[in-house]
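Before any comments, here is the structure.
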């Protein structure tokens, strides 16, 4: 080989190596977080192109409906959400529009009923902003359902990206969970627009893009929504369950800017029934709803009965000063004192919570002196990225497993069993059980 050929080969090899190194660097969690921060800054300076700032994120809205939210950096004319089930007729829905500020233009839509469709397709379509077609694969009641359980990724976008990478490895590049159960605290401050982009939407888009085709069941946390029942509060992206308990189907009133929306509702995941509660906003209405749902035929006849509530009834780790001197030990008292006796009375199998930033699980081996004897499993899954809680403030003498690290849970529900597998950021199993 001649000298110039060897030099050319060496140059090409070096260039290829640089491309690989650059690509690998751009995929790291810290660089992607920096890229998101830079993009937010450019948008604020009016230096970014008119574009989608948030591609569609999908939420369940009862058993037969879906809620979609997306956002652009400028007005996008008259967008439509188009959807169709299997190969049936296509429907077009005009979304609700809310201008948050001059660079945040939010759109939301509810579509359905999808009934017994095995696949549901949708896309955003207009002359200026359009998306590709997204496909939701739906399981029948007795087919196995794979549920990804996460919570408390707030203020930890780099760690959240690492968790999402581990989730992708667990499910495989061509496979997704059927449902995401997010047990609250997706962002640090609900009123900060940047938090929503940096801590939730951008990491999901960068890592897995699960949010387009896997519906999320969202359980509100204390950081996620403005609890003030006043006009013009800071509820910006938290109306996914607006009007869910109305009986008029899609004849729901338009979402009011800054209004308070209830979150408590129930939904089926295969042969399991899940009751979602709002731990931050106890009310007589929620208590009445909980009792009715626990007594209902749908809940009592379900193969597995699950409660999802952000604040656990039994916490052991927190900031000691805030726990003792700022009254935060009392935040979840109503969950423990009012709700938990009902959970035991009506044969709840599993209570899933977040809030405490680590992992704990108990299949209720309580101290004999407590006088309580039931078979509920309590699980705390607050480890999707937020700063970890490492200091013990209580000893309940009940937890079988404790892991003081970031993690996620793969929950597999079938007619025969409920399988729970908790994994750390490296994909190592830290706890598992079967009901």
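The values are calculated or read from the model by the stated rules, or taken from the named source; none is laboratory data. What you are looking at is a predicted structure, and each value in this text was computed from that prediction instead of being measured. Neighbour counts run over all protein chains shown; Cβ positions are idealised from the backbone, glycine included.
Yes/no matrix, rows are residues, columns are (1) in the same structural domain as residue 279 (by TED's automatic domain parsing); (2) modelled with pLDDT of 90 or more; (3) more than 20 Å from residue 207 (Cα to Cα):
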site	(1), (2), (3)
99	no, no, yes
129	no, no, yes
141	no, yes, yes
150	yes, yes, no
153	yes, yes, no
156	yes, yes, no
168	yes, yes, no
179	yes, yes, no
194	yes, yes, no
Inset, instruction - Name the residue, out of 78, 117, that is within 24 Å of the chain's Cα centre (by Cα) and assigned to a loop (DSSP other than H, G, I, E, B). - result: 117
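May I ask you to list the residues in the stretch 82-101 that are closer than 16 Å to residue 54 by Cα and touching a residue at least 40 places away in the same chain (Cβ under 8 Å)?
96, 98, 100, 101, listed by residue number.
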Legend entry - Residues being part of a strand (DSSP E or B) and either at pLDDT below 95 or over 21 Å from residue 183 (Cβ atoms) (or both) - total across the stretch 335-370: 1
Inset, instruction - Among the numbered conditions (1) free of Cβ contacts under 8 Å to residues at least 12 places away in the same chain; (2) not assigned by TED's automatic domain parsing to the domain that holds residue 353, tell me where residue 174 comes up short. - result: (2)
Legend entry - Spans of strands (runs of 3 or more DSSP E) in the stretch 129-244 with at least 1 residues under 22 Å from residue 107 (Cα atoms): 134-137, 179-182, 216-218
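Test residue 298 against the criterion of being buried (at least 16 other Cβ atoms within 10 Å of the Cβ) and either within 17 Å of residue 376 (Cβ to Cβ) or in the same structural domain as residue 359 (by TED's automatic domain parsing) (or both), and give yes or no.
no
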Inset, instruction - Answer yes if at least one residue in the stretch 319-334 is under 18 Å from residue 219 (Cβ atoms), touching a helix residue (DSSP H, G or I) at 6+ places or on another chain (Cβ under 7 Å) and at pLDDT 95 or above, and no otherwise. - result: no
Inset, instruction - Give just the number: which of (1) farther than 27 Å from residue 415 by Cβ; (2) part of a strand (DSSP E or B) does residue 263 not satisfy? - result: (2)
Inset, instruction - Name every residue in the stretch 163-192 that is crowded, with 22+ Cβ neighbours inside 10 Å, farther than 16 Å from residue 149 by Cα and over 13 Å from the mean Cα position of the chain (by Cα), in order of residue number. - result: 190
Inset, instruction - Residue by residue through the stretch 390-419, note down the ones that are more than 16 Å from the chain's Cα centre (by Cα) and within 16 Å of residue 160 (Cα to Cα). - result: 404, 405
